[in-house]
1. Using the charge dipole of region A:2-251 (Lys, Arg: +1 at Cβ; Asp, Glu: -1 at Cβ; taken about the Cα centre), state which of A:A224, A:P246, A:A92 has its Cα farthest towards the positive end.
2. How much net charge surrounds A:G141 when only other residues with a Cβ under 11 Å from its Cβ are counted (Lys, Arg +1; Asp, Glu -1)?
3. Could you let me know the centre-to-centre spacing of region A:193-244 and region A:57-81, using Cα atoms, in angstrom?
4. Can you pick out the pairs among A:K118/A:K240; A:K70/A:K237; A:K2/A:K41; A:K36/A:K240; A:K120/A:K240 whose Cα atoms lie more than 25 Å from each other?
5. I'd like the Kirkwood hydrodynamic radius of region A:138-253, using the inverse of the mean 1/r over distinct C-alpha pairs, in Å.
6. FRET efficiency for A:E20 and A:L119, Cβ-Cβ distance as r, R0 = 51 Å, nearest 0.05?
7. Tally Lys/Arg at +1 and Asp/Glu at -1 over every other residue whose Cβ is under 14 Å from the Cβ of A:E221; what's the total?
8. Given Cβ point charges of +1 (Lys, Arg) and -1 (Asp, Glu) and nothing else, what value in debye, to the nearest 20, does the dipole of chain A about its Cα centre take?
Amino acid sequence: MKVATWNVNSLTARWFRVEEWLVANAPDILLIQETKQDDAKFPFALLNELGYGAAHHGQGQWNGVAILSKVGIDDVVRGFGDNDPEARLIGATCGGVRVYSCYVPNGRALDDPHYVYKLKWLAQLRDLVDQRDRSMHIVVGGDFNVAPHDLDCYDPSVFQGATHVSEPEREALRAIEATGLVDLTWSLHPDEQIFTWWDYRNGSFHRNWGLRIDLLFVDPELRAITTATYVDREARKGEKPSDHVPVVADFAL
DNA sequence: ATGTCACAGTCCCTGTGA
């Protein structure tokens with residue numbers, strides 16, 4: 001079973017890249033963030049033609065998360081059930097695996113109310129996954145807007161006093177892991193610098209000024225049967241790329 | 001560190017968010 005997560009930065013603007021990527025890579029499950037569409041605009045019919053069932057938690061102008069699946073899609077939940085107006089979480093059961101697509105708030109700055117919202121959001125996610133059905137495999141993936149370790153940041157000195165690397169955010173990720181999940185990329189490639197996002201500005205991609213902020217958290221049994229995990233850097237090249245690349249994992253399921 | 005991109009509103013530019 002091949003599972004991927006990708007912040008597409010507008011499915012409207014990126015559809016031709018997403019469609020091309022789905023055909024070329026044929027993941028069983030794709031977790032999408034930042035669709036920036038409402039449900040009426042989401043391409044359910046086009047996805048069905050490609051063999052995917054889909055569930056979308058859309059908002060319109062901002063945010064928006066989705067799950068695409070070739071292996072069934074049931075028991076869909078949207079958000080934390082707290083009437084959050086921002087569409088940042090969707091969960092479903094696909095092929096016997098519980099999956100979540102997460103778009104964690106950016107935070108903006110350490111003294112911004114949005115940063116408080118970010119930490120609260122991560123704490124709510126921890127509580128949600130802590131209450132999971134532990135008889136089922138789980139994949140919690142998405143754009144976490146946190147680089148878990150200094151190695152996940154091209155230059156930690158540039159990020160002094162900024163979001164994405166602060167200790168409370170990293171601690172919030174460790175609290176999620178403490179429910180019994182592993183950061184799959186880090187777990188299998190602990191000594192490699194692997195980035196998933198590069199700013200559009202400054203020629204950041206060509207300078208490799210990136211961050212690893214797109215993550216897949218999985219249960220240890222799923223990690224044990226992981227045959228590969230990698231990022232698709234090619235997706236950051238070419239016409240109208242997203243600023244994020246897909247993170248892919250293959251499981252012997 | 002700010003060489004970009006996407007969106008909405010009102011329209012061919014500006015403010016906002018990332």
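Every number in this text was worked out from the coordinates using simple rules, so none of it is lab data. Since the structure is predicted, the reported quantities are computational estimates derived from the model, not experimental observations. Every residue, glycine as well, gets a Cβ built from its backbone with ideal geometry; the counts of neighbours run over all protein chains shown.
1. The residue sitting farthest along the positive end of the dipole is A:P246.
2. Values: positive: none; negative: A:D143, A:D183, A:D214.
After counting each charged neighbour, the total is -3.
3. One Cα centre to the other: 21 Å.
4. Working: A:K118/A:K240 29 Å; A:K70/A:K237 27 Å; A:K2/A:K41 27 Å; A:K36/A:K240 16 Å; A:K120/A:K240 33 Å.
Flagged as over cut-off: A:K118/A:K240; A:K70/A:K237; A:K2/A:K41; A:K120/A:K240.
5. Details: mean 1/r = 0.0678 Å⁻¹.
Its Kirkwood hydrodynamic radius stands at 14.8 Å.
6. Numbers: r = 37 Å, r/R0 = 0.72.
For A:E20 and A:L119, the calculated efficiency is 0.90.
7. Working: positive: A:R98, A:R132, A:R134, A:R223; negative: A:D133, A:D219.
Once positives and negatives cancel, what remains is +2.
8. Details: 25 positive and 37 negative charges, 76 e Å.
The dipole of chain A has a size of about 360 debye.
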